[in-house]
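Presented below is the structure to which this report refers.
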Amino acid sequence: MAELAKQEPVPAAADIPKIAVFGKKGNEPARGAWFPEAERILAIEGASQMGLHALEVTSPEIVELSKKLPKGRTFASGSLFTPRIQGTVFDKLAAHLPAEPQKTAANANPKPEPEKQNDRASEQAIDMEEGTRPKDWPEIAVGSLVLAYSADDEAWFEAIVLELSSGETMRMKWRDYPDEPRFTRHITRLGLLHPEGTRQ
């Protein structure tokens, strides 16, 4: 008997992006998320309320970009849960907006202030792209890649240690969001990654 051809599972409607919502204000991090067809109207209304862009997921390019966004959530207040996203994804999505919104999105990316440029120049000695993964807490050092919690997003993200301060407080930067302001965390508020893990 001939074997039946294997069929790829069909994604549920709730797992298919239909609207991409994204935005950026001044020096704040870019934020965005996708929403399914069932939340399409709520997403568009929420984006308008929050001053964000809403883009229909239609072309193959936007479909691929939407896969790089987290799935959003709608709230009874009308607002949306839109976590931070990579600046490059924001720029590529903004390129699909009509002319005037594109201009608005471009103005949301001000040039770094001189002191910030100097600040980044002093970090060139550190492997800013990936960092090293400590196996234990005492191994955390400048250049270490660890997990830090973001209260704004209610999630953990990869971060790189830039400087060790007194009292086990560390100055850090988000690995995937290098344009965001630097921040500090105490060692007790960090998490370790598996030493043999790879970047997704």
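The values are calculated or read from the model by the stated rules, or taken from the named source; none is laboratory data. Remember, it's a predicted structure, so these values are computed and weren't measured experimentally. Don't worry about glycine lacking a Cβ; one is built from the backbone with ideal geometry, like all the others, and counts go over all protein chains shown.
A compact table of results
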read-out	value
Tally of residues being under 16 Å from G87 (Cβ atoms) and touching a helix residue (DSSP H, G or I) at 6+ places or on another chain (Cβ under 9 Å) across segment 145-172	0
The listed residue being in contact (Cβ under 8 Å) with a residue 40 or more places away in the chain, hydrophobic (A, V, I, L, M, F, W, C) and either in contact with a Ser or Thr (Cβ under 9 Å, 6 or more places away or on another chain) or assigned by TED's automatic domain parsing to the domain that holds F157 (or both), out of L97, L65, L42, L52	L97
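Rundown of residues vs (1) out of contact with any Phe, Trp or Tyr (no Cβ under 6 Å at 6 or more places or on another chain); (2) among the charged types (D, E, K, R); (3) not assigned by TED's automatic domain parsing to the domain that holds L69, yes/no style:
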site	(1), (2), (3)
L147	no, no, yes
A151	yes, no, yes
E154	yes, yes, yes
E158	yes, yes, yes
L164	yes, no, yes
R175	yes, yes, yes
P178	yes, no, yes
H186	yes, no, yes
